[in-house]
Amino acid sequence: MNIEFIEALKDLEKERGIEMDVLIEAIEAALISAYKKNYGSSQNVRVEINRNNGEIHVIYRKDVVEEVDDPATQMSLEEAQRYDPEFEVGDVFESEVTPRSFGRIAAQTAKHVVMQRIREAERNMVYDQYATRKDDIITATVLRVEGKNVFMDLGKTEALLAPSEQIPRENYRQGNRLKVYILEVRKTNKGPQILVSRTHPGLLKRLFEREVPEIQDGTVEIKSVVREPGWRSKIAVYSKNTSVDPVGACVGSKGMRVQAIVNELDGEKIEIIRWDEDPAIYVSNALSPAKAISVEIDEEEKFTRVVVPDFQLSLAIGKEGQNARLAARLTGWKIDIKSESQMAELEENGEAIEQDEYWDESGAQEYQDALETEK
């Protein structure tokens with residue numbers, strides 16, 4: 001190694017942000033192993049690289065002791081004082097043992113260490129770049145499909161779109177450009193692993209944030225987002241400025257804003273709901289397109305009973321309960337839906353109306369009475 005090598009390390013420090021001292025320390029540590037391996041030495045040695053001219057020195061070290069137990073690492077006080085009478089027990093004796101042929105080995109070792117550190121630095125830079133973008137969206141290109149896994153090209157690295165994060169029925173062909181949500185960024189021995197999603201509600205939220213200027217400037221606020229990916233979504237929006245219609249702002253002129261997002265999500269139906277601090281109004285809005293006649297609220301149980309016209313019962317519940325399920329998840333309220341005639345019959349017969357059948361936030365419970373009426 002020589003001064004050109006030192007200059008090259010300085011250039012790396014400027015271009016890649018890898019500190020020269022860190023590189024040299026790593027090279028010195030690697031050269032100790034290389035020396036012992038190539039010269040069969042069990043000596044306790046250290047390697048020193050001159051930061052100015054690149055010269056390498058291999059120096060063996062021995063502890064000065066009264067009585068030697070390990071000749072490879074220890075030296076008697078008597079022997080040490082032959083070199084220098086000022087040696088005392090506890091001092092360290094050092095002497096240079098740099099082999100003449102060590103330059104070639106040193107150059108190969110240094111090259112390997114530098115390349116390894118460059119790869120590590122690049123991996124760390126990629127990790128840092130995408131770790132700061134977690135919970136954001138990015139445009140990615142389908143690189144390849146392996147089994148059910150889809151690998152996406154992000155430019156500087158790849159991302160994995162796992163089966164559970166793929167929109168049902170959506171086709172992923174090589175070269176397709178899609179918006180994806182950065183779900184997680186992990187550090188691994190092979191570099192950063194980036195997991196992305198096409199099903200996460202955050203994807204829909206970020207798309208609206210990019211598409212709607214009123215959301216970007218804070219005039220319109222997104223309160224809640226729920227999805228059944230590939231089929232239907234609901235998003236609740238609110239505006240503190242009474243002169244701004246939050247729903248209209250999100251829909252856009254002639255529906256252009258929301259349509260752009262629908263197209264990005266492969267035709268997923270998106271309903272934009274006006275959020276309201278009054279839970280009765282909010283739940284009623286969330287059941288759109290059905291129109292509620294009345295909404296009863298139980299604050300303690302966070303339970304609502306909604307009465308709708310007979311001809312809108314199916315609309316309120318939706319196909320396979322989808323509308324009611326999404327409304328419950330959007331609002332966080334349990335929702336019991338009854339038609340006018342069901343309520344009238346119950347009241348006429350003086351029957352108690354139980355709360356054991358409803359749509360909740362998990363959307364897991366079935367609403368048997370209403371489904372049977374729907375059929």
### Message
Yes or no: the stretch 179-188 includes at least one residue that is buried (at least 18 other Cβ atoms within 10 Å of the Cβ), of a type in the set (S, T, N, Q) and without any contact (Cβ under 8 Å) to a residue 40 or more places away in the chain.
### Response
no
### Query
If you go through the stretch 77-93 one residue at a time, do you hit one that is part of a helix (DSSP H, G or I) and either of a type in the set (Lys, Arg) or under 20 Å from the mean Cα position of the chain (by Cα) (or both)?
yes
### Query
If residue 104 satisfies every condition in (1) exposed (fewer than 12 other Cβ atoms within 10 Å of the Cβ); (2) in a strand (DSSP E or B) but one, which is the exception?
(2)
### Query
Of the numbered conditions (1) surrounded by 11 or more Cβ atoms within 10 Å (Cβ to Cβ); (2) under 30 Å from residue 190 (Cβ atoms); (3) at pLDDT below 85, residue 115 satisfies every one except a single condition; which is it?
(1)
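Looking at the structure I just gave you, is residue 263 within 28 Å of residue 311 (Cα to Cα) and either out of contact with any His (no Cβ under 9 Å at 6 or more places or on another chain) or not charged (D, E, K, R) (or both)?
no
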#### Entry: Residue in the stretch 1-57 that is farthest from the chain's Cα centre (by Cα), counting only those that are part of a helix (DSSP H, G or I) and among the hydroxyl-bearing types (Ser, Thr, Tyr)
39
## Note on the structure
Within the stretch 25-76, the residues that are farther than 15 Å from residue 99 by Cα, among the aliphatic types (A, V, I, L, M) and touching a residue at least 40 places away in the same chain (Cβ under 8 Å) are 26, 27, 30
### Query
When you scan the stretch 125-148, how many residues do you find that are surrounded by fewer than 17 Cβ atoms within 10 Å (Cβ to Cβ), of a type in the set (Ser, Thr, Tyr) and outside any strand (DSSP E or B)?
1
### Query
Of (1) over 13 Å from residue 54 (Cα atoms); (2) in contact with an Asp or Glu (Cβ under 8 Å, 6 or more places away or on another chain), residue 20 satisfies all except one. Which?
(1)
### Summary
Taking the stretch 322-347 and keeping only residues that are crowded, with 20+ Cβ neighbours inside 10 Å and small (Gly, Ala, Ser), one is left with 324, 327, 328, 339
### Task
Return the total of residues in the stretch 272-294 being farther than 17 Å from residue 239 by Cβ and touching a Pro at 6+ places or on another chain (Cβ under 8 Å).
2
## Note on the structure
Those residues of the stretch 291-332 which are more than 22 Å from residue 225 (Cβ to Cβ), without any contact (Cβ under 8 Å) to a residue 60 or more places away in the chain and polar (S, T, N, Q) amount to 294, 312
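Only one residue in 67, 88, 122, 96 is charged (D, E, K, R) and either surrounded by 11 or more Cβ atoms within 10 Å (Cβ to Cβ) or in contact with a helix residue (DSSP H, G or I) (Cβ under 6 Å, 6 or more places away or on another chain) (or both), so which one is that?
Among 67, 88, 122, 96, only 122 is charged (D, E, K, R) and either surrounded by 11 or more Cβ atoms within 10 Å (Cβ to Cβ) or in contact with a helix residue (DSSP H, G or I) (Cβ under 6 Å, 6 or more places away or on another chain) (or both).
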### Query
Regarding residue 288, is this residue over 23 Å from residue 230 (Cα atoms), surrounded by fewer than 19 Cβ atoms within 10 Å (Cβ to Cβ), among the hydroxyl-bearing types (Ser, Thr, Tyr) and not assigned by TED's automatic domain parsing to the domain that holds residue 235?
no
### Task
Determine whether the stretch 247-265 contains at least one residue that is of a type in the set (S, T, N, Q) and buried (at least 18 other Cβ atoms within 10 Å of the Cβ).
no
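The values are calculated or read from the model by the stated rules, or taken from the named source; none is laboratory data. Just so it is clear, the structure is predicted and the values come from calculations on it, not from any experiment. Note that we place each Cβ from the backbone using ideal geometry, even for glycine, and neighbour counts take in every protein chain shown.
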